[in-house]
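**Student:** Quick one: this structure, given as structure tokens, is what I'll be asking you about.
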Amino acid sequence: MAPAKYNYSNFTDELRTRLSIVDVVGRRVALNKKGQNFWGCCPFHNEKTPSFSVNEEKGFYHCFGCGEHGDIISFTMKSNNIDFRAAIKELADQAGLKMPDYKPKSDAQIAREKSYVDITAGAAAMYQKKLFEECGAHALAYVRGRGFTDDMIKKYGIGYAPKNNLIANSFANVRQEMLISTGLCRRGDYGMYDFFRDKLMFPIFNAHGQIVAFSGRSLDGSEPKYINTTDTDMFHKRQTVFGLNFARDAIHRANRSIVVEGQIDAIKMQTGGFPETVAPLGTALTEDHIALLCKSNRNITFCFDGDNAGQKAATRAASIVLPFLRDNSDIRFAFVTGGKDPDEVLKTAGAGAMRGIIDGAVGLTDFLWEIVNKNYITSTPGGRAQAEKFLSKELEKISDPALRREYESEYNKRKFNTWRKWKKNDDKGANIALPGVDEITKNTLVYITNAYPELAERYVDFLGSLNISFDADAPDMAMDKIAAEKYIVSLKLQKYLEKLKAEQKELTAKLLSGDGDVAERLKEIGREIEKCHDKIDKLVFI
Ligand SMILES: [Zn+2]
């Protein structure tokens, strides 16, 4: 018997993708971030000052004291004193993953897999031949109409599955079970028949570049638009990203991947200047898809249609991507509006227009905030409570605690600035003029907050601190928004300057009377005052 062939590598990759080494090590060693790395006291030798470093990005630890180094697996083995398989099991538990079945592949299975890819490769060749025959004329017209050149058809192995039972008839000498196991044929009351009939065929490749399945597009307008091979031993739809075999190198080079909704879009993007583009199979994006993409890097731009379905898909993507987030991830969302898709944009407006859409993508932080404000009525306490619950549930998915805290504090700021309206100052009722805010200034601010409520919200902290009642009648003035904002900013700077000068005066008195060590703080204030003047000067001249 041939030696057993274990294949752990896919699963260990999966673990390395899912688990942060900082989390894994952090369960045993208290870590602090300093510069690029995390540091702690080495668990493998005795020490009081930390010389054990963990690099999140590379997924490695290294001890400068004793030289121990490795990844999550070796750490788990050494620190628990367990073997490789037990370590994998332990990490799978931490990642919430089920241990795969690690039975060695038998010779029979290896033979089956070979037979499988022989059939699928043979079928792809036949489909392609049919595309250029008379029976495939309408399919060829369609695919050319979508802008596919013969080179593209060849590269992506596009073909045509005719109405008759091409595969069932052509592979009559292959065992029926084998043919059925590829998903290409089924057994009916009258014998074997083809699953794909009268479809435009797109082969689906695995990581090794083998064709393992097909996606067939209907040509007569019938729904569903696409049908895929149902899951087989060698094809799992949830774990397959369309176009990844062609895009992998480009994803490394571009240091990001672009995810579009459909296969035709993916191919047009890949050949139209965005070789780092892929698409999920069918519409639903899964965690497995993200995990696959994250093996290359954690920078993903989702580019979906601007319609409801596209918005929904993007919302789902945002939620799924959160557990994979790291502090150097760049996750973005772009929308192709006007009822178009990337294919049409490339065709009608060109790669430059498409680049504009991709470059204009909204970051995850802003997109998540948009979702919250769109889906909940944040002008009511109940709506705000629902929104807060949704947001905190989403943020819990971020596994890096430091990153999660940053997100929370960012949204706390936004919640205050936009949900708690500046009008909250109204309930104070009384019109208290703070010393230093004269009548003209007050009237101008009342005018600005009425004319430009968005400015009132942006500067709510500052305006709130002035204790002015903003529900007074707005005076009749004319000031554009830019001038209005300059007015607020310059007032803010002047107030700050006043505060600094008051402190400067106080500290100078202390310094002169030899009361306390204030020289450093005075220097600092001097620099701040200078900066303040600078900013005011700039405002005037803009
Ligand atoms: Zn050590």
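**Student:** For the chain, what's the relative contact order in percent, using C-alpha pairs closer than 8 Å and at least 6 residues apart?
**Tutor:** Relative contact order for the chain comes out at 7 percent.
**Student:** For the chain, taking Cα atoms only, what is the radius of gyration to one decimal and the Dmax to the nearest whole Å?
**Tutor:** That works out to 31.3, 107 Å for Rg and Dmax.
**Student:** Take peptides 204-210, 106-112 and line them up by average Cβ neighbours within 10 Å, highest first, as a rough protection proxy. Walk me through the intermediate numbers first.
**Tutor:** Numbers: 204-210: 15.6, 106-112: 11.7.
Peptide ranking by packing, descending: 204-210, 106-112.
**Student:** Running Debye on region 124-272 with equal point scatterers at the Cα sites and no solvent, what base-10 log of I(q)/I(0) appears at q = 0.14, 0.21 Å⁻¹?
**Tutor:** -0.70, -1.46
**Student:** Then there's this: How big is the gap, in Å, between the Cα center of region 225-301 and the Cα center of region 143-173?
**Tutor:** Spelled out, the Cα-based centre of one part sits 21 Å from the other.
**Student:** What percent do you get for the relative contact order of region 227-306 when only Cα pairs under 8 Å and 6+ apart count?
**Tutor:** 39
**Student:** Please state the relative contact order of region 277-405 as a whole percent: Cα pairs under 8 Å, 6+ residues apart? All intermediate terms of the calculation are to be shown ahead of the outcome.
**Tutor:** Working: 135 pairs, mean separation 32.0, N = 129.
The normalised contact order for region 277-405 reaches 25 percent.
**Student:** Using only Cα atoms, find the angle between the long axis of helix 107-131 and the longest principal axis of the chain, and express it within 0 to 90 degrees, rounded to the nearest 10.
**Tutor:** 90
**Student:** Once the mean 1/r over all distinct Cα pairs of region 226-338 is inverted, what Kirkwood radius in angstroms do you read off?
**Tutor:** Its Kirkwood hydrodynamic radius stands at 14.1 Å.
**Student:** DSSP beta bridges in the chain, what fraction antiparallel, as a percent rounded to 5?
**Tutor:** Just about 70 percent of them are antiparallel.
**Student:** Give me the mean projected area, in nm² to one decimal, of the convex hull enclosing the Cα positions of region 181-256. Can you show the working numbers first?
**Tutor:** Working: hull surface 26.2 nm².
For the Cα atoms of region 181-256, the hull's average projected area reads 6.6 nm².
**Student:** Going down the table (Lys48/Lys78; Lys393/Lys495; Lys34/Lys505; Lys199/Lys347; Lys154/Lys340), which pairs top 32 Å between alpha carbons?
**Tutor:** Cα-Cα > 32 Å for Lys393/Lys495; Lys34/Lys505; rest within.
**Student:** Over 23 Å between C-alpha atoms is what I'm after, so list which of Lys510/Lys535; Lys33/Lys397; Lys225/Lys268; Lys389/Lys413 land there.
**Tutor:** Pairs exceeding 23 Å: Lys510/Lys535.
**Student:** To continue, here is another question. Where a Cα-Cα gap under 19 Å defines reach, which aspartates and glutamates qualify for Lys163, not counting those fewer than 8 residues away within the same chain?
**Tutor:** Once the sequence-local aspartates and glutamates are set aside, what remains near Lys163 is Glu133, Glu134, Asp189, Asp194, Asp198, Asp220, Glu223.
Only the coordinates and a few stated rules stand behind these numbers; no lab work does. No experiment lies behind these values; they were computed from the predicted model shown. A quick note on method: Cβ atoms are made from the backbone with ideal geometry, for glycine too, and the neighbour counts reach across all protein chains shown.
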